[in-house]
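First comes the structure, then the notes that go with it.
The values are calculated or read from the model by the stated rules, or taken from the named source; none is laboratory data. Predicted, not measured: the structure shown is a model, and the values here were computed from it. Neighbour counts run over all protein chains shown; Cβ positions are idealised from the backbone, glycine included.
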């Protein structure tokens, strides 16, 4: 499966998980902003290149990307202000937010192994 298809599935799985927590802020892949798609693609590339990366390593890579593009901590996700409530060290995340990194890693691992 190609990288963009894996990113799309990972995005949609994350969106469904967020919805299960009451967070309806994620747009479907087709409507997602380009920065969000790019972030998912970069996450997939990171996991494929580093198959032993941990959920914490995944989060740290995401944090690096967000910092490099001007994001910072904010109490609610606001793309216009470039603020995100998960812009924290991994150890400070709520367990429900840490789960996103476990889920993303599992989706990428399984789909990248599909022949």
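Annotations for the structure displayed:
- Residues that are over 22 Å from residue 32 (Cα atoms) and either at pLDDT below 95 or touching a strand residue (DSSP E or B) at 6+ places or on another chain (Cβ under 9 Å) (or both), drawn from segment 83-101: 88
- The set of residues in segment 14-35 that are surrounded by 15 or more Cβ atoms within 10 Å (Cβ to Cβ) and either modelled with pLDDT of 95 or more or not in a loop (DSSP other than H, G, I, E, B) (or both) comprises 14, 15, 17, 18, 29, 32.
- Evaluation of residue 109 against the conditions (1) touching a helix residue (DSSP H, G or I) at 6+ places or on another chain (Cβ under 6 Å); (2) assigned to a helix (DSSP H, G or I); (3) closer than 22 Å to residue 4 by Cβ shows that the sole unmet condition is (1).
- Any chance residue 104 is modelled with pLDDT of 95 or more, assigned to a loop (DSSP other than H, G, I, E, B) and surrounded by 14 or more Cβ atoms within 10 Å (Cβ to Cβ): no
- Residues in segment 88-106 that are touching a helix residue (DSSP H, G or I) at 6+ places or on another chain (Cβ under 8 Å) and within 15 Å of residue 13 (Cα to Cα): 98, 99, 100, 101, 102, 103, 104, 105.
- Counting the residues of segment 45-82 that are crowded, with 16+ Cβ neighbours inside 10 Å and either assigned to a loop (DSSP other than H, G, I, E, B) or touching a strand residue (DSSP E or B) at 6+ places or on another chain (Cβ under 9 Å) (or both) gives 4.
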